[in-house]
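Worksheet: the structure to be examined is printed underneath.
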2 protein chains.
Amino acid sequence: MEDFIVKRYPERAIYDKDKLYEFLDRNILCHVSFCENGNPFIIPMIFSRIGDFIYFHGSYESRLIRFIGSGGNVTIGITNINGLVVATHIKNNSLNYESAVVNGSGEWVEDEDEKLRFFESLSKKFIPGIWEYSKRPDNEDLEKTAVVRVKIEKFSMKMREGDTNEKEKYDNLWSGVIEIKYNYVYNGEINELPDFLKSFIKFEKN
Amino acid sequence: MEDFIVKRYPERAIYDKDKLYEFLDRNILCHVSFCENGNPFIIPMIFSRIGDFIYFHGSYESRLIRFIGSGGNVTIGITNINGLVVATHIKNNSLNYESAVVNGSGEWVEDEDEKLRFFESLSKKFIPGIWEYSKRPDNEDLEKTAVVRVKIEKFSMKMREGDTNEKEKYDNLWSGVIEIKYNYVYNGEINELPDFLKSFIKFEKN
């Protein structure tokens with residue numbers, strides 16, 4: 001675990017598994033880091049968590065999928081930026097954020113029920129209600145899709161929130177936090193949408 | 001370069017340096033992948049690009065900063081999600097996104113003018129106008145801050161945009177794109193803000 005003990009700003013560290021899982025479950029994008037022949041690689045991936053595993057899907061030809069499936073060790077990073085912390089000194093500007101880093105080794109998921117549970121978990125995170133609304137994968141779809149999972153063996157989280165910690169303000173300049181909000185927007189006709197989307201999105205005509 | 005040739009969905013690949021730089025310059029967060037003793041690590045970092053280099057700053061104690069400063073090879077991933085592509089089949093749901101992966105080796109930045117240019121570049125990307133408004137770093141600040149840079153030696157980009165490619169629609173279900181918009185929001189009194197922030201943010205009282 002030593003590698004996963006946060007050394008910089010340790011007061012921002014979190015080692016609570018429930019908090020990790022809650023954070024993973026409201027994110028869909030991660031970056032996966034892996035090494036081959038000592039060289040670092042990084043690939044953005046969509047993911048879903050079930051139990052103590054992080055699941056990925058893709059093609060059987062995909063290099064990362066094959067790497068994970070064959071037991072490869074990966075480290076996964078997920079970060080949300082929630083705000084810009086404006087200080088009076090340029091050097092004290094900061095971001096409010098949440099981040100998690102997870103490490104573990106992979107394996108193939110062959111069982112079709114488990115593959116289906118992965119699709120269910122991922123799509124429920126994608127948009128609530130879409131699993132109930134849409135055409136689900138059949139046996140042929142599940143066979144064609146490569147699914148792998150990584151056991152969550154080590155992890156750490158960090159977060160920063162709140163105002164600037166600036167002790168010395170400069171020249172009465174303004175300081176404070178600008179929040180970042182993520183909105184789901186649809187530009188078309190509201191009435192044509194199914195109900196699960198109406199409650200999910202914010203309408204904004206251009 | 002072979003490692004950086006996109007094999008999956010090659011039609012989504014971009015190898016244009018101007019497009020890469022434009023993309024880097026409107027992002028502030030990346031994930032840095034590196035290997036030590038064959039093990040993969042990932043760390044979220046804020047960055048700025050000047051010329052053909054990606055700059056990072058931090059503490060002289062930071063493991064990643066020291067790794068990059070001493071010539072370490074890193075691969076950097078940056079991804080934006082721009083939309084949710086809703087298909088009629090669960091298996092055809094997708095994301096609209098832009099992503100870049102950059103690889104190169106690092107070095108220390110010791111020159112104080114170059115460190116200052118880094119702070120200028122980063123803060124102009126953080127919030128336009130903040131560099132002109134705020135107290136800039138002095139020589140002592142620059143000395144205390146560790147700055148490193150990575151030469152952009154190899155890169156690849158991918159993007160997906162537009163509607164679902166679904167050929168076979170299921171049961172007349174709805175399909176289309178839900179956009180994701182990022183808004184800067186301030187919850188306080190507008191009048192107390194300096195001008196550079198008034199034009200930057202969207203006001204939204206809770």
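Bear in mind these aren't lab numbers, they're just calculated from the coordinates by the rules spelled out. Just so it is clear, the structure is predicted and the values come from calculations on it, not from any experiment. FYI the Cβ positions are ideal-geometry reconstructions off the backbone, even for glycines, and counts take in every protein chain you see.
The mean count of C-beta atoms from other chains within 10 Å of the C-beta of residues in A:52-65, rounded to a whole number, is 1. The charge dipole of the stretch A:19-61, taken about the Cα centre with unit charges on the Cβ atoms of Lys, Arg (+1) and Asp, Glu (-1), comes to about 160 debye, rounded to the nearest 20. Our coupling estimate for the stretch A:131-148, obtained by passing each phi through the Karplus curve with A = 6.51, B = -1.76, C = 1.60 and θ = phi - 60°, is 4, 6, 7, 9, 6, 7, x, 9, 4, 5, 4, 5, 5, 6, 8, 7, 10, 10 Hz, Gly and Pro reported as x. Put +1 on the Cβ of every Lys and Arg and -1 on every Asp and Glu Cβ in chain A; which of A:9, A:134, A:200 then has its Cα farthest towards the positive end of the dipole? The residue sitting farthest along the positive end of the dipole is A:9. With coordinates expressed along the principal axes, the C-alpha atoms belonging to the stretch B:1-78 extend over 42, 29, 18 Å, beginning with the largest. Per-residue Karplus couplings for the stretch A:85-95, computed as 6.51 cos²θ - 1.76 cosθ + 1.60 with θ equal to phi - 60°, are listed in order as 9, 8, 9, 7, 9, 3, 5, 9, 4, 8, 10 Hz, Gly and Pro entered as x.
For the stretch A:31-99, averaging the sequence separation of C-alpha pairs within contact (under 8 Å, six or more residues apart) and dividing by the residue count gives a relative contact order of 25 percent. Here the translational diffusion coefficient of the stretch A:58-106 follows from Stokes-Einstein with Rh set to the Kirkwood radius across Cα pairs; for 4 °C and 1.567 mPa s it amounts to 95 µm²/s.
Shown for residue A:163: label points 7 Å from Cα along the beta-carbon vector, and their distances to the equivalent points in the other copies, 5.0 nm in ascending order. The separation of the stretch B:66-143 from the stretch B:153-206, counted between C-alpha centres, amounts to 19 Å. For the residues of A:118-131, the average number of beta carbons from a partner chain within 10 Å of their own beta carbon is 2. Of the residues B:60, B:90, B:100, the one whose Cα sits farthest toward the positive end of the charge dipole of chain B, with +1 on the Cβ of Lys and Arg and -1 on the Cβ of Asp and Glu, is B:90.
Per residue of B:24-37, other chain Cβ atoms within 10 Å of the residue Cβ number 5 on average. Note on residue B:110/residue A:183: beta-carbon distance plugged into 1/(1 + (r/R0)^6) with R0 of 35 Å gives a FRET efficiency of 0.20.
Listed cross-link partners A:158/B:151; A:181/B:181; A:91/B:17; A:169/B:125 are compared with a 19 Å cut-off, the Cα-Cα value being larger for A:158/B:151; A:91/B:17; A:169/B:125. Taking amide H as placed 1.01 Å from N in the peptide plane, the amide H of residue B:97 sits under 5 Å from that of B:82, B:160, each at least 5 places away or on another chain. Take every Cα pair under 8 Å whose residues are at least 6 apart in sequence, average their separation, divide by the length of chain A, and the relative contact order is 25 percent. The long axis of helix A:112-126 is offset from the longest Cα principal axis of chain A by roughly 30 degrees. Taking a straight Cα-Cα cut-off under 14 Å and skipping sequence neighbours fewer than 8 places away in the same chain, the aspartates and glutamates within cross-link reach of residue B:202 are A:179, B:189. Think of the stretch B:119-184 as having a plus end and a minus end, set by charges on the Cβ of Lys, Arg, Asp and Glu; of B:162, B:177, B:122, B:122 sits farthest toward the positive end of this dipole. Across identical copies of the chain, residue B:124 has label-point separations of 4.8 nm, listed in ascending order, with the point defined 7 angstrom from Cα along Cα→Cβ. Per-residue 3J(HN,Hα) values for the stretch B:43-48, derived from phi via the Karplus relation 6.51 cos²θ - 1.76 cosθ + 1.60 with θ = phi - 60°, read 9, x, 9, 8, 8, 9 Hz in sequence order (x marks Gly and Pro).
Along its first, second and third principal axes, ordered by size, the stretch A:130-204 spans 66, 45, 16 Å in Cα coordinates.
Once every Cα of chain A carries one equal point scatterer and solvent is ignored, give the base-10 log of I(q)/I(0) from the Debye formula at q = 0.16, 0.18 Å⁻¹, two decimals. With no solvent term, the Cα-only Debye profile gives -1.14, -1.26.
For residue B:82, the distances from its label point to the matching points in the remaining copies are 2.8 nm, ordered from shortest, with each point set 7 Å beyond Cα toward Cβ. The value of relative contact order for the stretch A:110-204, using C-alpha pairs under 8 Å at least six residues apart, is 27 percent.
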